[in-house]
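Written out below as C-alpha cells is the structure these notes cover.
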Amino acid sequence: MQKLTSLMILTESLSKSEKRYFRLFSNIQTGDKKYVYLFDLIEAKNSVNTVHAQFCEKYNSASFNMAAKHLYNTIMDCLIYLHRKQDIQTKIFALISEADILYERALFDDAMEALKKAKKMAAMYEMDSLILLLRRTELKYLNSTNFKNITERQLISKQMKIVEEMKYLRSANLHSQLYDILKHRLFYKGYARSEKQKDSLNDLILSELNVVANNSYKGFETQKLHLLFQSTYYLDSGNYKMAIRFYQTLIDLFEENKHMILNPPIYYLQAITGILNSLKIASQYKEMPFFINKLKKIEHGDYAVDFILNIRSLIFSYEFTCLFNTGNFTAAANLISKYDESLLKNMPLLRLDTQLDLLINLTILDLALGNIKSARKQMKNIMSSGKLFYALPAYRYARLINLVLQAETENYDFFENEIKSIKRSIRYEKHSYITEKLLFKFIQNHYLLNDRKMREKLHRQLEKEIIKIKQNKYERQILAIFDFISWMQSKLTNRKFDEILAEKN
C-alpha cells in the first residue's frame, strides 16, 4: 500500500502535457494495458483502498504489483524524456555525452564542436558548475592529443579561465550558504519580534556584506542571491520599505533576464511572495493585487500539479488577507466558496505550513462571522495534528487564536494552563511579544466585559499598551495574521470587528 501511495502521488503530480504524453506513449505500446487501467483509477482521484479493490475486481490481485511497477516505470520514462527536451541542464549533459562518444571514436574535431555548443548554452544560462566541467573536459581532450593546434599562450588562457570560474563559483556558493541559513531561521523561528532578535542576524548580514565587498564578479546568479538575501533580511528585521525595494529590484532582474527563470520558477516565485509578504505586514493592501496577478500568470503555466496547487494556495491566502484585514468578511466567505473544489478539498496534498495557513484563515473567518461551532471544528483540525504543526512559527499564533475562540465561548477554565503552556513554548521574554502579553491580560479579564463600568475601566488600563503595540514595527507580523488588537478594541468599545478593521486599513 505504501508503494501504491507513492505511485498515486507521482501520478497526481503530472501536469496536463505530461498526462497527454503518457497517453500518446501508452497508445503506441503493444501488449497488455493493465497499467493504463490502473492509471485511470488513480486519475479518477479514488482512495488507495478503492484503487486496489477495483483493480483486483477486474483483474486478479497477483497482477496488481506487476501493473503498478510497470505504470511507475512508464511514467518515469515519459518524464525523463520530456525533461530531456525541456531542461537546459539535461540538454547540456546530452551534449557532453555526445562529445565523449565522439572523442572515444577519435572524432576529435566533432567532439570539440559538441563541447563548444554546450559551453555556449551553459554560458547563456550562467550554469557555472557546468562551464567548469566543460572547460576541464576540453583540457582533457587537448591533453590526449598532445595539445595539437594550440599554442602555450592559448593553453595558459584556458587554464586561467578555469581559475576565474572557480573563484566565481566560490563567491556564488558563499552567497547561497548565507541565504539558505537566513531562510532556515525565518522558516523555523519566524520574523524578528524585537531588537534583540534582529541583532541575532548580525552575523549573517556582516558575512554577506563581506562577500559582496570581496566579490568582483557581477553575474546574474550572485546578483540574484544578493538581492534575495537583502530583501529577506529587511523583511525579517521589520524594514518593509527596504524589503519592498530590494524585492522589486529582484523582480526587475528576472524580467530583464526571462531566460533565467527556471522551470518551475522557484526563485522568481520567492521574489513575488516576498514583496507580497512585505506589503501584507505593512498593511499596504491596495498594492497587493498587482503582484497577486503575477502569481496568477504563473498558475496558468504548464507545471507539475503540486506546484500549481501551491501557487493557487498562495493566491487564495493573499486575496483572503486583503479582504479579511479590511473587514470585508462576506467577500472573504465567497472567496472560500470559490476555492473549495480547486484548493481546499486538496489540502492534504499541500505542504504542512500551507495547510496550517489555510486552516488558520478558515478559523478566523468563522470566528469573525460568529460561526463558533465551525471555528472550533477548524481549530480542532489544527490542534489534533499536534506534532505535525508544532515546529512551525504559525502554530503558536494558532494557539493564540484558540484563546480568542475559547474567550468567545466563555470557556474560562481553559485559560490559565494554556497561557502558562504558551509562555513556556515561546520562551517568554520580558521585553518581547508585547501583543501576547496584552492578549493574556485581556483574556484573563474577559469576564469583566459584561459590566459596562468594568469594561470602560479595563479599556482605560489597556489603552496605552494598545497604542504602544500599534507603533511597534515588530508587532505588525503577528497582527497581519490576525489583528488581536482590533478584536480587543471591538470588545472594549462594543463596536463591530469588521468596522474597526475597515476603518484601520
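Overview of results
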item: Degrees separating the helix 152-189 axis from the principal Cα axis of the chain, which is the longest one; result: 20
item: Distant-in-sequence amide H partners of Leu262 (H built 1.01 Å from N, under 5 Å); result: Tyr267, Tyr268
item: D (Stokes-Einstein, µm²/s), Kirkwood Cα radius, the range 402-505, 1.306 mPa s at 10 °C; result: 111
item: Contour minus Cα-Cα distance for Val212 and Asp199 (0.36 nm per residue); result: 2.7 nm
item: Number of Lys pairs (Cα under 16 Å; 8 or more positions apart or on different chains) in the range 95-176; result: 13
item: Furthest towards positive pole of dipole, His300, Thr222, Asn325, structure part the range 205-328, Cβ charges; result: Asn325
item: Packing-based ranking, highest mean first, of 435-442, 149-156 given that Cβ atoms within 10 Å are counted; result: 435-442, 149-156
item: The range 204-353: C-alpha gyration tensor shape, a/c 1.5 cut-off, then a/b vs b/c; result: prolate
item: Estimated distance in nm for a label pair at Lys183 and Leu262, the labels positioned 7 Å out from Cα along Cα-to-Cβ; result: 0.8
item: Degrees separating the helix 240-256 axis from the principal Cα axis of the chain, which is the longest one; result: 30
item: Residue (of Leu405, Met454, Ser313) at the positive-pole extreme of the chain, dipole from beta-carbon charges; result: Met454
item: At R0 = 30 Å, FRET efficiency that the Cβ-Cβ distance of Leu253 and Asn146 yields, to 0.05; result: 0.10
item: Hz values of 3J(HN,Hα) by residue in the range 473-482 - Karplus curve (6.51, -1.76, 1.60), Gly and Pro given as x; result: 5, 6, 7, 5, 4, 6, 6, 6, 7, 8
item: For the range 120-127, 3J(HN,Hα) per residue [Karplus equation, 6.51 cos²θ - 1.76 cosθ + 1.60, θ = phi - 60°, Hz, x = Gly/Pro]; result: 4, 5, 5, 5, 4, 9, 6, 8
item: Charge sum, other residues only, whose C-beta stays under 14 Å from Ala332's C-beta, Lys/Arg counted +1 and Asp/Glu -1; result: -4
item: HN-Hα J in Hz across the range 442-450 - Karplus 6.51, -1.76, 1.60, θ = phi - 60°, x for Gly and Pro; result: 5, 4, 5, 10, 4, 5, 7, 5, 6
item: Residues Lys420 and Lys167, FRET efficiency given R0 of 45 Å [Cβ-Cβ distance, rounded to 0.05]; result: 0.25
item: Segment Lys373-Thr5, length gained on full extension (0.36 nm per residue, minus Cα span); result: 129.1 nm
item: MRE, 222 nm, helices only [DSSP H, n ≥ 4, -39500 (n - 2.57), over the chain, to nearest 500]; result: -24500 deg cm²/dmol
item: Straight-distance crosslink candidates among lysines, where the alpha carbon sits under 24 Å from Lys496 and sequence neighbours closer than 8 are dropped; result: Lys280, Lys286, Lys373, Lys377, Lys437, Lys441, Lys453, Lys457, Lys464, Lys468, Lys470, Lys504
item: The range 2-86 - convex hull of alpha carbons, volume per residue in Å³; result: 90
item: The chain shape via C-alpha gyration tensor axes, a/c threshold 1.5; result: oblate
item: Aspartates and glutamates with Cα under 19 Å of Lys420, excluding same-chain neighbours fewer than 8 positions away; result: Glu410, Glu429, Glu436
item: C-alpha long axis of helix 266-281 to longest principal axis of the chain, angle in °; result: 20
item: Orientation-averaged projected area, Cα convex hull of the range 88-150 (nm²); result: 3.8
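Bear in mind that the values in this text are calculations on the coordinates, not laboratory data. Everything quoted here is computed from the prediction, not taken from an experiment. Neighbour counts are summed over all protein chains in view; Cβ atoms, including those assigned to glycine, are modelled from backbone coordinates with ideal geometry.
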